[in-house]
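Shown next, in structure tokens, is the structure this report addresses.
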Amino acid sequence: MVRYFENETGELVPDALSGFARAHADLVAYDPSDGFFTARHSSPARRVGLLSGGGSGHEPLHVGYVGAGMLDGACPGRVFASPHNRQIFRASRAVAGPEGVLHIVKNYTGDRINFGIAAERLADAGIACARVLVDDDLASDSEEISAGRRGTGAAMLVEKVLGGAADTGMGLEGLTELGAALAGRCRTLAAASAAHHSPATGEPAFGLPPGDLEYGVGIHGERADRTRRQGSVGPLVEDMADALLDALRPGPDEPVVALVNGLGSVTSLELYGIFGELGRVLDARHVRLARHLVGDYVTALDMRGFSLTLMVADRDTLGFYDAPVRTPALRW
């Protein structure tokens, strides 16, 4: 059993949000009554506000990416739970630009429903709204899963590229088309040797025999369709990278952006070793690694695992990715 450092059961998220707002008061503003964050600084060239959100427990996603060059706002829900449509509606009104607001939504039923209701309310209020659906999880790419692929690590890459594009003054239609194209060029695969622990009970979401991995685990602790022996990390990363490349099939002149992402309890020491193995696989497959990030960017509480995300890029994508950004969790 694991006990989280908190005051009382149920207070972990509101206390954390209050602390986050104070820690980054120079970058974000927090509306505690409606439960959303907005950026204090944004490019005056922006015509469209960018808004995302989702359950807490994935920090720094999404609130950590609110700021200049990225999101204009984010709506955090409770642990692994969608934000309420009221939060999303009010946050959308707060960040909407002259051409409206773009919702960047991970493909989960609760998120889709609540962002959808908020979009209907925005239409009634005369505020233009569109959606980009991020559905990058290769492990849930099956005709037997009616909801489709889950949204996972690619969310932050999509948010970054769209932030760079929005700063050029790109309109709502252009951003929506770009976002859909980006989502189609991203795939993610995750593996974990131990589940996260519930803040409410302290119990793990699932159990594994020693030496086994969940191969294709979800960021809410969804079980994979199979387990495998952990073994050496090189063959594991090679299998994961090959699966991603088989799904994306980048052309000879198409580089990739890679995200090696910790799910909560994997050390930086391990993540850099994983990145080294990924680089060797890409070199052997003659795939150019144009950009990369290594660290905890989309977590799952304290899950002992990692995910690999590849995004096939072109010159415009890399230009938007390289554009300046200043948020609590991402800056250059």
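Values computed for the structure shown
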item: Selection from the range 195-204 of residues that are under 17 Å from Val266 (Cα atoms) and either more than 21 Å from the chain's Cα centre (by Cα) or at pLDDT below 95 (or both); result: Pro204
item: Any hit, the range 97-106, residues being in contact with a strand residue (DSSP E or B) (Cβ under 7 Å, 6 or more places away or on another chain) and closer than 26 Å to Asp15 by Cβ; result: yes
item: In the range 238-279, the residues that are over 25 Å from Glu159 (Cβ atoms) and either aromatic (Phe, Trp, Tyr) or part of a helix (DSSP H, G or I) (or both); result: Glu238, Asp239, Asp242, Asp246, Leu269, Glu270, Gly273, Gly276, Glu277
item: Enumeration of residues in the range 60-106 that are in contact with a Leu (Cβ under 9 Å, 6 or more places away or on another chain), within 29 Å of Ser265 (Cβ to Cβ) and in a loop (DSSP other than H, G, I, E, B); result: Pro60, His62, Gly67, Met70, Phe80
item: In the range 140-151, the residues that are buried (at least 18 other Cβ atoms within 10 Å of the Cβ) and touching a Lys or Arg at 6+ places or on another chain (Cβ under 8 Å); result: Ser140, Arg150, Gly151
item: Enumeration of residues in the range 1-25 that are in contact with a Phe, Trp or Tyr (Cβ under 8 Å, 6 or more places away or on another chain) and free of Cβ contacts under 8 Å to residues at least 60 places away in the same chain; result: Leu17, Ser18, Ala21
item: Which numbered condition Asp316 fails, given (1) in a helix (DSSP H, G or I); (2) open to solvent by less than 40 Å² (accessible area, probe 1.4 Å); result: (2)
item: Residue match in the range 217-227 (condition: farther than 25 Å from Ala81 by Cβ, under 19 Å from the mean Cα position of the chain (by Cα) and either open to solvent by 30 Å² or more (accessible area, probe 1.4 Å) or not small (Gly, Ala, Ser) (or both)); result: no
item: Filter pass, Asp253 being of a type outside the set (Gly, Ala, Ser) and either under 26 Å from Arg149 (Cα atoms) or open to solvent by less than 30 Å² (accessible area, probe 1.4 Å) (or both); result: no
item: Lone qualifier among Val134, Val101, Val95 - being open to solvent by less than 50 Å² (accessible area, probe 1.4 Å) and more than 19 Å from Ala45 (Cα to Cα); result: Val134
item: Pair list, Cβ < 7 Å and 6+ apart or interchain, from the range 277-306 residues that are within 15 Å of Arg249 (Cα to Cα) to residues that are open to solvent by 50 Å² or more (accessible area, probe 1.4 Å); result: Val281/Glu238; Leu282/Leu289
item: Residue within the range 95-102 that is in contact with an Asp or Glu (Cβ under 7 Å, 6 or more places away or on another chain), touching a residue at least 40 places away in the same chain (Cβ under 8 Å) and closer than 24 Å to Phe320 by Cβ present; result: yes
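Residue by residue, here is whether (1) open to solvent by 20 Å² or more (accessible area, probe 1.4 Å); (2) in contact with a strand residue (DSSP E or B) (Cβ under 9 Å, 6 or more places away or on another chain) holds:
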residue: Gly169; (1), (2): no, no
residue: Leu189; (1), (2): no, yes
residue: Pro209; (1), (2): yes, yes
residue: Ala247; (1), (2): yes, yes
residue: Thr267; (1), (2): yes, no
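Residue-by-condition table, conditions (1) in contact with a strand residue (DSSP E or B) (Cβ under 7 Å, 6 or more places away or on another chain); (2) exposed (fewer than 14 other Cβ atoms within 10 Å of the Cβ); (3) among the small types (Gly, Ala, Ser); (4) at pLDDT below 95:
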residue: Gly19; (1), (2), (3), (4): no, yes, yes, no
residue: Thr38; (1), (2), (3), (4): yes, no, no, no
residue: Arg46; (1), (2), (3), (4): yes, no, no, no
residue: Ser52; (1), (2), (3), (4): yes, no, yes, no
residue: Glu59; (1), (2), (3), (4): no, no, no, no
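The values are calculated or read from the model by the stated rules, or taken from the named source; none is laboratory data. Computed from a predicted model, the values in this text were never measured in an experiment. Neighbour counts are summed over all protein chains in view; Cβ atoms, including those assigned to glycine, are modelled from backbone coordinates with ideal geometry. Side chains are part of the model used for accessible areas, which takes the heavy atoms of the whole protein and leaves out ligands, DNA and RNA. Shrake-Rupley method; radii C 1.70, N 1.55, O 1.52, S 1.80 Å.
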